[in-house]
Structures are given as C-alpha cells and as structure tokens.
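The values are calculated or read from the model by the stated rules, or taken from the named source; none is laboratory data. Values in this document were obtained by computation on a predicted structure and should not be read as measured data. For neighbour counting, all protein chains shown are included, and Cβ atoms are generated from backbone atoms with ideal geometry for every residue, glycine included. Areas reflect the complete protein model, heavy atoms only, side chains present, ligands, DNA and RNA absent. Shrake-Rupley method; radii C 1.70, N 1.55, O 1.52, S 1.80 Å.
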Amino acid sequence: PSNFIIHHIADAHEIHLWGDVHIPLPIIVYTAEHGLDVFMSSAFEGHGDVRVAERPSGVTYELSHGHIAVAGDHAGHDHGSHEGHDHADHDGHDHGAHEGHDHGDHSHHGPVVYDLSITKSIFGMLLMLGLMVVLFGRMAGSYKSRQGQAPTGMTNALEPLVLFLRDEIAIPNIGKEKADKFLPFLMTVFFFIFFANLLGLVPFIGGFNVTGTLGITMVLAALVFLITTLNGNKHYWGHLFWPPGVPLFVMPIIIPIEIVGMFLKPIVLMIRLTANISAGHIIILSFVSLILIFGKGGEAMAAGYGIGIFSTAFMIFMYCLELLVAFLQAFVFTLLAAIYFGEATHEAHH
C-alpha cells in the first residue's frame, strides 16, 4: 500500500488514467555531451520501475523511479536485475534496495542529465493557469461590455470570491490605500491554489497533486518572501533589526529570532500547503488500501466487504472534507500573505 500511495501522489512523466492506459507527456532533457533532446514519454519501453528509450541519435535514456539518466555500461545488468526483481515481487525492501543502487550508479556514471520535462504536476499547473487566463479574461470583457449591468454566468459566480478577497483579506490586512497594489498577486495565488486543489479531487484523470508538489509551493512561498522583502519600509526593517521597547540585554536574543522568523514564515507557508494537500490524498488512498489488505486479494471476501462498507463511508466523508480543505488552504495561504505584506508596508502609527 505504501508504494502504491507514494506512486499515486508523486510527480510523474505521464498521466496514469487506469490499468495500462497512460497519457504521455513531453520529455525535455539536456546533457553537455548530447545537447537538447525532446520526445514523448511513450518512447520509454519496458516493464517494472526501469524503462529505456533509445533515441535516433544513438543515446539511450533510462527512466528509473521518476528519474532520467543516460544508460551506461551498467544499464544492461541493472535493467535485467531490476526487471527480474519487479516480476518476482514488489515489496518495499526490493523497491528501496534497487532504487538506492540505481541512484548511486547514476551519480557516478554517465553525463549529468538536466530534466526540464513537462511532468504531471507542471502540466496541471499550466492547465490551471490557462483556465484562469480564460476565465478572468472573459470576466474582464464582460464588465467592459455590460457596464452598469448585473453580472451573469461565470462572472456572477466568481465576483463574490473576488470581492471577498478584496474586502475581507486585502483591505483589512494591508490597508485601503495600498491594497490595490497587492490585490492582483493575492487573487492569482488564491484562485491558482483553489483550482489546483479542486483538480486533484477529480477522479479518473491521473490523480493530480499540483499543490502537494514541493517545487510548486516553494515558488509560491518564494514569491511571497520576495514581495514582502522588496516592499518593506523603514518601520518594518527597524522593527526587525532593532525591536522597539525591548531591553538592551535581550536584543542579542530577540534580533536573531526576528531574522530567522523572516525566512521561517514563507517556509511554513510552503510546508503547510504541501503537507495538507498531500495528506488528504494519502488518507483517501489508505481507506482504499484497507479493503485490499483485509480482503487479502480475494481470499477473505467477507472481511473485505465488511471493511469496505466503513472504508467507503469514510472515503465519502474525507472527500467532502477535502472540498472544504481545497478552499481553506487557498484562503489561509492568501490571508497569511496579505498579513505579511501588511506588516511590511504599515507605517509607525499603525
């Protein structure tokens, strides 16, 4: 179950629908020796966790546990041994053993491969960004063409959220005079996280985990850090490096804590979003796994059906909870970002 769950929530070079049905994604790799190479992930052939793609240029790439490397002299031996292990059994020990062996070999043999591929999470991210451009482009066009009239359709559905972000998050935490400056970023972040979270809850389309991918949440948190730092005023930096009202002998303790806190805030934003979204997927998949564990692959049907009733009920409950979490995590991330922006821009009299 653990391997199945981790495989489901991890990023991948293809979108797995069901059974052996996959949607291939573009592979973009660069090596100093062979240059740039672009092809589809369907070019990888083989079974198990290790697959090989032979290119017309004579280069052979090896896809092992989501990592791409140029297959060296050791590849034939490794490939055979891994496939043998994969067909023999799929227990966690085997997986860990040859995964470690693989990574060890790739780090010492063959050229370094820079993987710039469009992975499942990147595809989901681009899909959501494209959806936002279309939705809000049409929303802006609707306001221009229907000035003074009540909004309709999707514009009517999105307007309450936009006003909520402006009136309940941006203005109270940043101030009416400066809120408009940060509102485009706050709206973009909120709707991107919200839509990406909802995408991950749609079944049978590959199990997207966009906001559960550390690289994506890291960039979002880094943007919050950069905007906060670049917009910090004299009062903000003075509060950071010389907190007012603090006794002099306590300053050597407080100042390092304040500086560490400046970096810790975006890190907490990143970890909170990644962990909460991934945890929801893990819990739902764990309930699925319970049915198979108690059913022993069909040997104990009564136990499988018995636990299946409770697992299904909990899965439905968790799924409804995840719909709430999808909104809640987007709200919390946006709210905290607005608070940080407000702290950086408020004047001394605030």
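One table, with the values for the structure above:
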{"read-out": "Gained length - VAL219 relative to ALA32, 0.36 nm times residue gap less alpha-carbon distance", "value": "64.6 nm"}
{"read-out": "Net +/- balance of residues flanking PHE123 in space, Cβ distance below 15 Å, scoring K and R +1, D and E -1", "value": "-2"}
{"read-out": "Of ASN233, ASN209, ASN156, the one that fluctuates the most in a GNM where the chain has Cα springs shorter than 10 Å", "value": "ASN156"}
{"read-out": "Gained length - SER42 relative to MET132, 0.36 nm times residue gap less alpha-carbon distance", "value": "29.5 nm"}
{"read-out": "HN-Hα J in Hz across the stretch 254-268 - Karplus 6.51, -1.76, 1.60, θ = phi - 60°, x for Gly and Pro", "value": "6, 4, x, 5, 5, 5, 4, x, 4, 7, 6, 4, x, 5, 5"}
{"read-out": "Percent carbon-and-sulfur accessible area, the stretch 152-286, ignoring ligands, DNA and RNA, probe 1.4 Å", "value": "75 percent"}
{"read-out": "With at most 13 other Cβ atoms within 10 Å, longest stretch of the chain clear of loop GluC sites (Glu not before Pro) (DSSP)", "value": "34-176"}
{"read-out": "The stretch 131-227: C-alpha gyration tensor shape, a/c 1.5 cut-off, then a/b vs b/c", "value": "oblate"}
{"read-out": "Accessible area (Å², per residue) of the chain, counting only protein heavy atoms and a probe of 1.4 Å", "value": "55 Å²"}
{"read-out": "Over 29 Å between alpha carbons, listed pairs LYS120/LYS181; LYS176/LYS234; LYS120/LYS296; LYS120/LYS144; LYS120/LYS176", "value": "LYS120/LYS181; LYS120/LYS296; LYS120/LYS144; LYS120/LYS176"}
{"read-out": "Formal net charge of residues neighbouring LEU335 (Cβ-Cβ distance under 14 Å; K, R +1; D, E -1)", "value": "0"}
{"read-out": "The chain: most fluctuating residue of LEU223, LEU135, LEU63 per GNM, C-alpha cutoff 10 Å", "value": "LEU135"}
{"read-out": "Solvent-accessible surface ranking, highest first, for LYS144, LYS120, LYS265 at 1.4 angstrom", "value": "LYS144, LYS265, LYS120"}
{"read-out": "Contact order relative to length of the chain, as percent, for alpha carbon pairs under 8 angstrom and 6 or more apart", "value": "19 percent"}
{"read-out": "Amide H contacts under 5 Å for MET40, placed H, 5+ residues apart", "value": "ILE27"}
{"read-out": "Accessible carbon and sulfur surface of the stretch 1-41 relative to its total accessible area, %, 1.4 Å", "value": "66 percent"}
{"read-out": "Segment TRP242-LEU116, extension gain: residue separation times 0.36 nm, minus the distance between their alpha carbons", "value": "41.0 nm"}
{"read-out": "LYS144-GLU168 FRET efficiency (beta carbon distance; Förster radius 25 Å; 0.05 resolution)", "value": "0.45"}
{"read-out": "Expected 222 nm ellipticity per residue - DSSP helices of 4 or more, -39500 (n - 2.57), all of the chain, to 500", "value": "-21500 deg cm²/dmol"}
{"read-out": "Highest-MSF residue in the chain out of LEU273, LEU335, LEU226 [GNM, Cα springs under 10 Å]", "value": "LEU226"}
{"read-out": "Distance between the stretch 295-350 and the stretch 129-199 - C-alpha centres, whole angstrom", "value": "23 Å"}
{"read-out": "³J(HN,Hα) computed for each position of the stretch 186-201 - Karplus, 6.51 cos²θ - 1.76 cosθ + 1.60, integer Hz, glycine/proline x", "value": "4, 5, 4, 4, 4, 6, 5, 5, 4, 5, 5, 5, 5, 4, x, 9"}
{"read-out": "MET301, MET262, reordered so the largest accessible area comes first (probe 1.4 Å)", "value": "MET301, MET262"}
{"read-out": "Order of exposure, largest accessible area first, which applies to ASP167, ASP180 with probe 1.4 Å", "value": "ASP180, ASP167"}
{"read-out": "Probe 1.4 Å - accessible area at SER278, Å² to nearest ten", "value": "20 Å²"}
{"read-out": "Inverse mean reciprocal Cα-Cα distance (Kirkwood Rh) of the chain, Å", "value": "23.9 Å"}
